[in-house]
Amino acid sequence: MAHSRASWRGQGGAQAFLYLLPSLLFLAIFTYWPMLRAIAMSLLEWNLSRPEPVFAGLRNYATLLADPVFHLVLRNTAMLAAVAIPISIALGLVLAILLNEPLGFLRGVYRAAVFYPTMIPMAAAAMLWVWLFNPSIGLVNYYLGKLGLPRVEWLYDMTWALPAVMISWIWKNVGYLTILYLAGLQAVPTELLEAASVEGAGFWQRVRYVTLPFLGPTTVFVVVVSLINSFQVFDAVHIMTQGGPADRSNVLVYFLYQQAFRFWDIGVASALTAFFVAGLLVFVVFVVGQMERGVFYEV
Amino acid sequence: MHLALGSASLIMLVPYLWALTASVKSRAEIFTPTPQWWPRAWQWSNYVDVFRYAPFEIYFLNTLIVVLGILAVQLITITLAGFAFARLQFRYREALFYLFLIQMMLPIHAVIVPNYLTIKSLGLLNTQLAMMLPFWASGYGTFLMRQAFRQIPAELEEAALLDGCTGLRLLWSIMIPQVRPVLLAFSLISVVTHWNDFLWPLIVTDTPRVRTLTIGLAMFVQQESGADWTLLMAATVMVTAPLLVAFLFLQRRFVESFMYAGLR
């Protein structure tokens, strides 16, 4: 045993290098190099009026910081994360706990109904919601009217455009979070639940005192995944509102797309990229720290 | 319990069902003041009409090529890298693994601008290759495969080594059969993820010839500018149908894969 281990340890370096090479090649070209290049490009003035890039120092960053739209975009992105994530986590958790109960053949039906939006492209899901949110013939306004609530212009409304995007996002993501929690629930020992029942604990007491304490690691994971997803919202905004009205539903990646591919300002777009990457890296270092501490034992 | 789950399921289903009925309605029936769940006359011709305005059959084919092209290369790169991280000893192993993790956490959305310029200078704009290249290495897939290879008992490997089975042959005939369920789980997730890709294909294409379904749908929406809801909903249903049908038939597989390997 010791002999065979030692024998491949010797050649391990060369072999490992060959095995990692294909991945490292693509990672280098499409992940590491672009990160560095974005930082370099962020120091250039490079846009429609100056097609040949010249050094501009930190001017792009200054432009960005002085842009009120950028502040609005950051606020919208933070708002989306702060409102949509807790709601989808709460819904996902409750649905998972319910779906984990013995339900007979209907469990498969419920599970499919909750999970199927995960299979739908966000672009298509956004289309479904554009149709539902139609101010004059949309289903949402029809039922609001039936409940005696005021009708809303939704995607054309300064206040309601962003919530409309959030609703479509929650609808699309909640099934996925439910499945993650269902996976987490498998870690709860059934003996403990049975013991609690014997002791006379009701359904909600069992959930509160037995199930929830076991879901800590899953919740950390779910929050991380949701945050990363929420920073990347693009498809829904592109289809539903184009960031409007008056940038009230504009978010980070959509703003980046506008700077680069609508206004062709590569310098400012690169400054934005550098800012985005730096933020994510700080976040990643934090998450990796959590991983080291073993929170991710299962995944 | 059934009441709560039943109403939740209903709320989740309504958006899609409402699109389904709209997709087979006549244009006049869309504008009734009270919503009609059951179309009076089923107009299946809406689905045919969609093809007259946009080449969805080409979009479908392109999507298939891109999704399978990404998956085929990914399976090779993540198996090799995952195996190396799990079973080989080499210097800087931990540090290199963190480099892979960075890609797992850093979404491609963050670096679209430099990547676009790279693709442009390679002369690859408007190709299917451009839509696949950035995904050919997967930090996440590598992470999954590393976990899977780690769980193979050392005795199995040692027995194979004693028989003189080493290198790629060891990987192919002894190790890969052990991790097949994980490869399948990753494959399903990869297919769903890239079937649904939007921003990257949007940026690197501008002709219908190479476009995928999601981009085709977005273009169709712009071109119709929301005028004809029956056609828009028929197109939306068509774009979603292939994966939803697969999901209906393989529900357990999909759910288990996402349970096992939740992150994309």
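Read-outs: derived from the displayed coordinates by stated rules, not from any lab. This structure is a prediction, so every number in the text was calculated from the model and none was measured. Neighbour counts run over all protein chains shown; Cβ positions are idealised from the backbone, glycine included.
Whole Å is fine, so just give me how far the alpha carbon centre of segment A:57-83 lies from that of segment A:92-151.
32
Given points 7 Å out from each Cα along the Cα-Cβ axis, report the A:Leu144 to A:Met158 separation in nanometres with one decimal.
If labels sit at A:Leu144 and A:Met158, their model points lie 1.7 nm apart.
Summing Lys, Arg as +1 and Asp, Glu as -1, what charge do residues with Cβ under 13 Å from the Cβ of A:Phe115 carry, A:Phe115 excluded? Intermediate values should be presented prior to the final figure.
Details: positive: A:Arg107, A:Arg111, A:Lys172, B:Arg252, B:Arg253; negative: B:Glu256.
Net charge in that neighbourhood comes out at +4.
Apply 1/(1 + (r/R0)^6) to the Cβ-Cβ distance of A:Phe203 and B:Ile11, taking R0 = 25 Å, and write down the FRET efficiency to the nearest 0.05.
0.65
Add +1 for every Lys or Arg and -1 for every Asp or Glu among the other residues with Cβ under 12 Å from the Cβ of B:Arg150, and state the total.
Local net charge: +1.
Pairwise over distinct Cα atoms, reciprocal of the mean inverse distance: report the Kirkwood radius of segment B:1-133 in Å, one decimal place.
Roughly 20.5 Å, rounded to one decimal.
Treat the count of other C-beta atoms within 10 Å as a stand-in for reagent exposure and order B:Thr166, A:Thr211, B:Thr142, A:Thr241 from fewest to most.
Ranking B:Thr166, A:Thr211, B:Thr142, A:Thr241 by Cβ neighbours within 10 Å, fewest first, gives B:Thr166, A:Thr211, A:Thr241, B:Thr142.
What distance in nm separates the simple spin-label points at A:Trp264 and B:Leu64, each placed 7 Å from Cα in the Cβ direction?
Reported label-point gap for A:Trp264 and B:Leu64 is 3.8 nm.
Along the Cα-to-C-beta direction of B:Ala41, a point sits 7 Å from the Cα; which residues of segment B:12-33 have their amide N less than 13 Å from that point?
Counting backbone N atoms under 13 Å from the label point, the list is B:25-30.
Please give the FRET efficiency for A:Ala82 paired with B:Met219, using the beta carbon to beta carbon distance and R0 = 30 Å, rounded to the nearest 0.05.
0.35
Pick from A:Phe17, A:Phe30, A:Phe214: which residue has the top mean-square fluctuation in a GNM of chain A where Cα pairs under 10 Å get a spring?
Among A:Phe17, A:Phe30, A:Phe214, the largest mean-square fluctuation in the Gaussian network model of chain A belongs to A:Phe17.
Going by C-beta contacts inside 10 Å, put B:Tyr16, A:Tyr254, B:Tyr53 in order with the fewest on the left.
The fewest-first ordering by Cβ neighbours comes to B:Tyr53, B:Tyr16, A:Tyr254.
Looking at segment A:158-241, which GluC sites (Glu not before Pro) are DSSP coil and have at most 11 other C-beta atoms within 10 Å of their C-beta?
Within segment A:158-241, the qualifying GluC sites (Glu not before Pro) (loop, at most 11 other Cβ atoms within 10 Å) are A:Glu199.
5 Å is the cut-off here: which amide hydrogens, built 1.01 Å from N in the peptide plane, fall below it relative to A:Glu45, excluding neighbours closer than 5 in sequence?
Hits under the 5 Å cutoff: A:Val54, A:Phe55, A:Ala56.
Let a ≥ b ≥ c be the square roots of the eigenvalues of the Cα gyration tensor of chain A; is it rounded (a/c under 1.5), or, if not, prolate (a/b larger than b/c) or oblate?
Verdict is oblate for chain A.
Segment A:231-293 to segment A:11-30: how many Å between their Cα centroids?
Their Cα centres are 30 Å away from one another.
Tell me what chain A gives for mean residue ellipticity at 222 nm when only DSSP H runs of n ≥ 4 count, each as -39,500 (n - 2.57), the sum divided by the residue total, rounded to 500 deg cm²/dmol. Please list the in-between numbers first.
Working: 14 runs with 197 residues, N = 299.
Roughly -21500 deg cm²/dmol at 222 nm, from the helical runs in chain A.
Stokes-Einstein at 10 °C, 1.306 mPa s, Kirkwood radius from Cα pairs: D for the protein assembly as shown in µm² s⁻¹? Walk me through the numbers on the way to the answer.
On the way: Rh = 25.4 Å.
For the chosen part, D equals 62 µm²/s.
Would you order B:Asp228, A:Asp265 from fewest to most other beta-carbon atoms within 10 Å of each residue's own beta-carbon?
Ordered from fewest to most neighbouring Cβ atoms within 10 Å, B:Asp228, A:Asp265 come out as B:Asp228, A:Asp265.
What is the spin-label model distance, in nm, from A:Arg151 to B:Leu244 if the labels are put 7 Å beyond Cα along the C-beta direction?
2.7
So what are the radius of gyration and Dmax for the Cα set of segment A:182-248, in Å?
In order Rg, Dmax, the Cα atoms of segment A:182-248 give 19.6, 59 Å.
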